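Just below is one structure, and these are the notes that go with it.
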Amino acid sequence: MYLEHFGLREFPFSLTPDTSFFFACSSYQEALNTLLIAARSGEGFIKIVGEVGNGKTLLCRKFLGTLNSDKTSTNAIGTQNAAATGLGSAKFVTAYIPNPYLESRSLLLALAAEFRIELDSTVDQHQLLKELTFALLKFAREGKRVLVCLDEAQAMPLESLEVLRLLTNLETEKRKLMQVVLFGQPELDERLKHNSVRQLRQRISFQYELKGLRRDELDRYLRHRLLVAGYQGETLFRPGAVALLYRITKGTPRLVNIIANKAMLLAYGEGRQQVMTRHVRRALADTPEAHKDWMIWAWGAFAAFVLIMLTLIGVWLQ
């Protein structure tokens, strides 16, 4: 009923990182360009850091999809998982590790599985490294580049980061045999300051800090997702609702999606065809995380207002 009410094929503000809803705002496009340039350079580690909810996983999936379908990249084709990539004609062999909170042996086993390396369950770490090295050399001889993306990299144990660095030591005369892209929250930067991973830190050749949506991008973001979901109307979110939504979320895509979805449900409950400011306000009250940030912002704004007024009164009394 909700979808039918607004004339939608699917939910426009789902939290699932669906690349069909990818919106190329300035920060996302700059990050994607950085990743593509870095991947083609074939050098070292790449680091993408962003706050919670800024869309790192969606960017990662979009990057892998773009990399593997880019016709300007010597017929670079494939899929997100090396196990399903058409290796006969692919230029990039990619692996995606969504949860790298793994001790070093488990991480190597995960990589081996991504690269379709058949191993005995009792294999030790030395043999694991040997088999992975052999696979990387084989890919290089076939003219293929290997790229590994690790999401939530701030959770990686330091020992696993070091093992990963040792794998990237392998190189031909022209380039590294394996590149690694680390996607993580700002805590990743703190982990990389540790002395035990200083060599890895020095090998980060490209990095980017992913930001949220700008104020002037939020309305276009909402329209884009609605259009992809099948909406054919004019304006679903009123200007006041968009302005309040930005003040509440500061452009964080995940919070935007959560509150926009709730606001649409409230509008549907009233039989409305448009989302009003009051719907966004009520959706905020039902979203503790956004409500907490909003209250901090509101009290800060109030304190600033009081300070300005006291200053003006002081000047007037003089």
TODO: Pick out the one residue from Leu64, Leu58 that is modelled with pLDDT of 90 or more, within 14 Å of the chain's Cα centre (by Cα), under 20 Å from Pro186 (Cβ atoms) and in the same structural domain as Glu159 (by TED's automatic domain parsing).
DONE: Leu58
Task: Which listed residue is part of a helix (DSSP H, G or I), among the β-branched types (Val, Ile, Thr) and either under 23 Å from Cys25 (Cβ atoms) or not assigned by TED's automatic domain parsing to the domain that holds Cys149 (or both), from Val242, Val197 - done: Val242
TODO: May I ask you to list the residues in region 1-34 that are small (Gly, Ala, Ser), surrounded by 14 or more Cβ atoms within 10 Å (Cβ to Cβ) and either touching a strand residue (DSSP E or B) at 6+ places or on another chain (Cβ under 7 Å) or part of a helix (DSSP H, G or I) (or both)?
DONE: Ser27, Ala31
TODO: Would you please name the residue that is farthest from Phe21 (Cα to Cα), looking only at residues in region 220-242 that are surrounded by fewer than 17 Cβ atoms within 10 Å (Cβ to Cβ) and without any contact (Cβ under 8 Å) to a residue 24 or more places away in the chain?
DONE: Pro239
- [ ] Sort out which residues of region 254-275 are in contact with a strand residue (DSSP E or B) (Cβ under 9 Å, 6 or more places away or on another chain) and more than 28 Å from Lys211 (Cβ to Cβ), and write them in order of number.
- [x] Leu266, Ala267, Gln274
- [ ] Within region 138-179, track down each residue that is without any contact (Cβ under 8 Å) to a residue 12 or more places away in the chain and within 27 Å of the chain's Cα centre (by Cα).
- [x] Asn169
Task: Pick from region 131-147, criterion outside any helix (DSSP H, G or I) and out of contact with any helix residue (DSSP H, G or I) (no Cβ under 8 Å at 6 or more places or on another chain), ranking: surrounded by the fewest Cβ atoms within 10 Å (Cβ to Cβ) - done: Gly143
Open item on the list: For region 35-60: of the residues being of a type in the set (Gly, Ala, Ser) and assigned to a helix (DSSP H, G or I), which is surrounded by the fewest Cβ atoms within 10 Å (Cβ to Cβ)?
Closed with: Ser41
TODO: Return only the number of the condition from (1) at pLDDT below 95; (2) within 22 Å of the chain's Cα centre (by Cα); (3) assigned to a loop (DSSP other than H, G, I, E, B) that Arg191 does not satisfy.
DONE: (3)
Task: Filtered residues of region 148-182 (kept if surrounded by fewer than 18 Cβ atoms within 10 Å (Cβ to Cβ), outside any helix (DSSP H, G or I) and touching a Lys or Arg at 6+ places or on another chain (Cβ under 9 Å)) - done: Asn169, Leu170, Arg175
Task: Out of Ala90, Ala84, Ala76, Ala95, sole residue that is modelled with pLDDT of 90 or more and among the hydrophobic types (A, V, I, L, M, F, W, C) - done: Ala95
Task: Qualifying residue in region 20-41 (condition: closer than 17 Å to Leu222 by Cβ and aliphatic (A, V, I, L, M)) - done: yes
TODO: List the number of the failed condition for Val275; all other conditions in (1) in contact with a Leu (Cβ under 7 Å, 6 or more places away or on another chain); (2) modelled with pLDDT under 95 hold.
DONE: (2)
Task: From Leu177, Leu167, Leu161, Leu182, residue being modelled with pLDDT of 95 or more and in contact with a strand residue (DSSP E or B) (Cβ under 9 Å, 6 or more places away or on another chain) - done: Leu182
Open item on the list: Among the residues of region 122-137, are any at pLDDT below 90 and either of a type in the set (Asp, Glu) or within 25 Å of the chain's Cα centre (by Cα) (or both)?
Closed with: yes
Task: Of the criteria (1) at pLDDT 95 or above; (2) in contact with a Gly (Cβ under 7 Å, 6 or more places away or on another chain); (3) over 30 Å from Val180 (Cα atoms), which one Val228 fails - done: (2)
Open item on the list: Based on this model, can you work out whether Val197 counts as among the β-branched types (Val, Ile, Thr), without any contact (Cβ under 8 Å) to a residue 60 or more places away in the chain and closer than 17 Å to Gln154 by Cα?
Closed with: yes
TODO: Only one of these is hydrophobic (A, V, I, L, M, F, W, C) and farther than 24 Å from Lys91 by Cβ: Leu164, Leu192. Name it.
DONE: Leu192
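The values are calculated or read from the model by the stated rules, or taken from the named source; none is laboratory data. Note that the structure is a prediction, hence the values are computed from the model and not measured. Neighbour counts are summed over all protein chains in view; Cβ atoms, including those assigned to glycine, are modelled from backbone coordinates with ideal geometry.
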